[in-house]
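To keep things clear, I will list the structure first and then write my remarks on it.
The values are calculated or read from the model by the stated rules, or taken from the named source; none is laboratory data. Since the structure is predicted, the reported quantities are computational estimates derived from the model, not experimental observations. In this analysis, Cβ positions are derived from the backbone assuming ideal geometry, glycine residues included, and neighbour counts consider all displayed protein chains.
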Amino acid sequence: MARSIGVLVSGRIWVGVVEDTTLGAVRVYPGEEQDHLDLKSLPADAIIERIRQFISEVRDGGPIDSVGAGFPGIIRDGMIEESPNLGQLKGLRMRERLSTALRADGLDVKVCIMNDADALAAGLAATRGGLDRLIRVWYLGDGIGFGRHPHGEGVWEAGHTVVTLDPRERFCGCGGLGHLEGIVGNRAMRLRFLDMEPEEIFAAARHGDPRASEFANLWHRALAAATANSVHIEGAGRFYIAGPNADFVDPGLLNEYLQDMVKMTPLQGSLFEIVRTSHDVALIGAAVCSRM
Ligand SMILES: [Zn+2]
C-alpha cells in the first residue's frame, strides 16, 4: 500500500499521512483552538521547520514513499517563482529546502512541490473517481486559486484573469488592474470596504444594504466572468468551489450570470459544486501527485 505525506500551506500549515487515497493522522498550525496567525508573518525557515516537525509526527516512524506539498503561487520545477499572498516564499527552491530538511531526519524520499489549488484538483479527481476527467476548482480565500487536473504545462494563474476594464479596479494583491482576485479575494474586499469584514459585507447584502448588495452582485459576476473565460478556452464542465469564502457563493445567482455570458450551444451545461473541508481533499491530492 502506498503511504505518502501530503502538505498544504494555505491559510494554515496542514500535514497529513495518506495511505492510498485515505487520510490518516493530520497536524495543523495554528490549530483551531490557537490564536489566528497570518502566515505572511512567519519566516520561510519557520514554515519549513514546522512542516518537518509535523511530518516526523504523523509519520510516527513508519515507512514513507514520497512527500507532496502544495503552496500558493506560481510553482515550477520545485521552485516558488511568485507568491503574492506569501511573499516570503518568492524565489525559494522549496523542493531542495524541504528535501534537505527531511534528510536530516533520515527521510530520503521523492519530494514534489505544486500549486495548492492544483493539489486540491488532484484530490477531487482521486476521491470523486475522476482521474481521467478535466477538473477545475476555484479556491476562494485571501487570494483566488485556480486548480486544474490533470496538471498541464503552463502557469494557470486564472485567479488573476482580467474580468473588468475599469481602471479603478486595482485591489489585486499582485498589483494588476481589473483582476478577479481584486474583486473576489478577501484582502481586496477589506481594501474596498475599509469599515467592514467580508462576512459583514455579505450579511449586509442579505439584509438589503444597497452598497453591499451591489458589491455581492459584482462579486458573483466577476467569478462568473472568469469561469466563462475558462469555458471559452477549455470547454464546459464541472467547476468546484472551495476555500473559506465558498460560503458566500449563491450557486443559483452564479449560474444565472454564467448563462448570460456563455451562449454558444456546445459550451453550455457547466455546473458549480461547493466543496467543504477542502484541506482534507488537498492533502490527499498532494500525496497522490507525489507518487506520479
Ligand atoms: Zn492579480
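Which numbered condition trips up Arg50, out of (1) in contact with a Gly (Cβ under 9 Å, 6 or more places away or on another chain); (2) closer than 17 Å to Gly70 by Cα?
Every condition holds for Arg50 apart from (1).
Output the residue which, of all residues in region 22-44 that are aliphatic (A, V, I, L, M) and touching a residue at least 12 places away in the same chain (Cβ under 8 Å), is surrounded by the most Cβ atoms within 10 Å (Cβ to Cβ).
Leu39
I'm trying to understand the selection: among the residues of region 1-41, which are in a strand (DSSP E or B), among the charged types (D, E, K, R) and over 16 Å from Gly141 (Cα atoms)?
Of everything in region 1-41, those that are in a strand (DSSP E or B), among the charged types (D, E, K, R) and over 16 Å from Gly141 (Cα atoms) turn out to be Arg3, Glu19, Arg27.
Could you list, in sequence order, the residues of region 146-176 that are closer than 21 Å to Met189 by Cβ and of a type in the set (D, E, K, R)?
Hits for region 146-176 are Glu157, Asp166, Arg168, Glu169, Arg170.
Mind listing just one residue for me: the one in region 45-80 that is surrounded by fewer than 14 Cβ atoms within 10 Å (Cβ to Cβ) and among the acidic types (Asp, Glu) and, of those, nearest to the ligand (Cβ to nearest atom)?
Once the filter is applied, the top-ranked residue is Asp77.
Every residue, every condition in (1) under 15 Å from Leu102 (Cβ atoms); (2) more than 21 Å from the chain's Cα centre (by Cα); (3) at pLDDT below 95, yes or no:
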{"residue": "Gly11", "(1), (2), (3)": "no, no, yes"}
{"residue": "Glu49", "(1), (2), (3)": "yes, yes, no"}
{"residue": "Gly61", "(1), (2), (3)": "yes, yes, yes"}
{"residue": "Val67", "(1), (2), (3)": "yes, no, no"}
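Quick check: is even one residue across region 115-127 of a type in the set (S, T, N, Q) and in a strand (DSSP E or B)? Before the answer, list the steps.
Just the residues of region 115-127 that are of a type in the set (S, T, N, Q), to begin with: 115, 127.
Within this subset, residues satisfying the condition of being in a strand (DSSP E or B) are 115.
Yes, region 115-127 contains at least one residue that is of a type in the set (S, T, N, Q) and in a strand (DSSP E or B).
So, in region 123-144, of the ones that are buried (at least 16 other Cβ atoms within 10 Å of the Cβ), more than 12 Å from the ligand (Cβ to nearest atom) and small (Gly, Ala, Ser), which residue ends up nearest to Ile74 (Cα to Cα)?
For region 123-144, the residue satisfying everything is Gly141.
Of everything in region 237-282 that's within 26 Å of Val28 (Cα to Cα), hydroxyl-bearing (Ser, Thr, Tyr) and in contact with a Phe, Trp or Tyr (Cβ under 8 Å, 6 or more places away or on another chain), which residue is modelled with the highest pLDDT?
Per the stated criteria, the residue is Tyr240.
Going through region 57-88 one residue at a time, which ones are among the β-branched types (Val, Ile, Thr) and part of a strand (DSSP E or B)?
Correct list: Val67, Ile74, Ile75, Ile80.
Would you point out the residue of region 226-264, among those that are in contact with a helix residue (DSSP H, G or I) (Cβ under 7 Å, 6 or more places away or on another chain), among the aliphatic types (A, V, I, L, M) and farther than 26 Å from Asp132 by Cα, that is surrounded by the most Cβ atoms within 10 Å (Cβ to Cβ)?
Looking at the filtered set, the residue picked out is Leu254.
When only residues in region 101-122 that are of a type in the set (Asp, Glu) and surrounded by 14 or more Cβ atoms within 10 Å (Cβ to Cβ) count, which is nearest to the chain's Cα centre (by Cα)? Walk me through how you get there before you give the answer.
Taking region 101-122 first, the residues of a type in the set (Asp, Glu) are 105, 108, 116, 118.
After this cut, where a residue has to be surrounded by 14 or more Cβ atoms within 10 Å (Cβ to Cβ) as well, the list is 116, 118.
Details: Asp116: 5, Asp118: 7 Å.
My answer is Asp116.
Answer with yes or no whether Arg192 is more than 9 Å from the ligand (Cβ to nearest atom), touching a Leu at 6+ places or on another chain (Cβ under 6 Å) and modelled with pLDDT of 95 or more.
no
Listed here are the residues, each with its yes/no results for (1) without any contact (Cβ under 8 Å) to a residue 12 or more places away in the chain; (2) buried (at least 18 other Cβ atoms within 10 Å of the Cβ); (3) within 14 Å of the ligand (Cβ to nearest atom); (4) within 19 Å of Ala121 (Cα to Cα).
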{"residue": "Gly147", "(1), (2), (3), (4)": "no, yes, no, yes"}
{"residue": "Gly154", "(1), (2), (3), (4)": "yes, no, no, yes"}
{"residue": "Glu157", "(1), (2), (3), (4)": "no, yes, yes, yes"}
{"residue": "His160", "(1), (2), (3), (4)": "no, yes, yes, yes"}
{"residue": "Thr164", "(1), (2), (3), (4)": "no, no, yes, no"}
{"residue": "Arg170", "(1), (2), (3), (4)": "no, no, yes, no"}
{"residue": "Gly178", "(1), (2), (3), (4)": "no, yes, yes, no"}
{"residue": "Gly185", "(1), (2), (3), (4)": "no, yes, yes, no"}
{"residue": "Glu197", "(1), (2), (3), (4)": "yes, no, no, no"}
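Considering only region 218-230, I want to know if a residue exists there that is charged (D, E, K, R) and either within 16 Å of the ligand (Cβ to nearest atom) or modelled with pLDDT under 95 (or both). Full working, then the answer.
From region 218-230, those charged (D, E, K, R) are 221; that's our starting set.
Remaining after also requiring either within 16 Å of the ligand (Cβ to nearest atom) or modelled with pLDDT under 95 (or both): none.
No, region 218-230 has no match at all.
For region 201-222, name all the residues that are assigned to a helix (DSSP H, G or I) and either exposed (fewer than 14 other Cβ atoms within 10 Å of the Cβ) or more than 22 Å from the chain's Cα centre (by Cα) (or both). Reasoning before the result, please.
Restricting attention to region 201-222, the residues satisfying the condition of being assigned to a helix (DSSP H, G or I) are 201-206, 210-222.
Residues satisfying the conditions are Ile201, Ala203, Ala204, Ala205, Arg206, Pro210, Arg211, Ala212, Ser213, Glu214, Phe215, Asn217.
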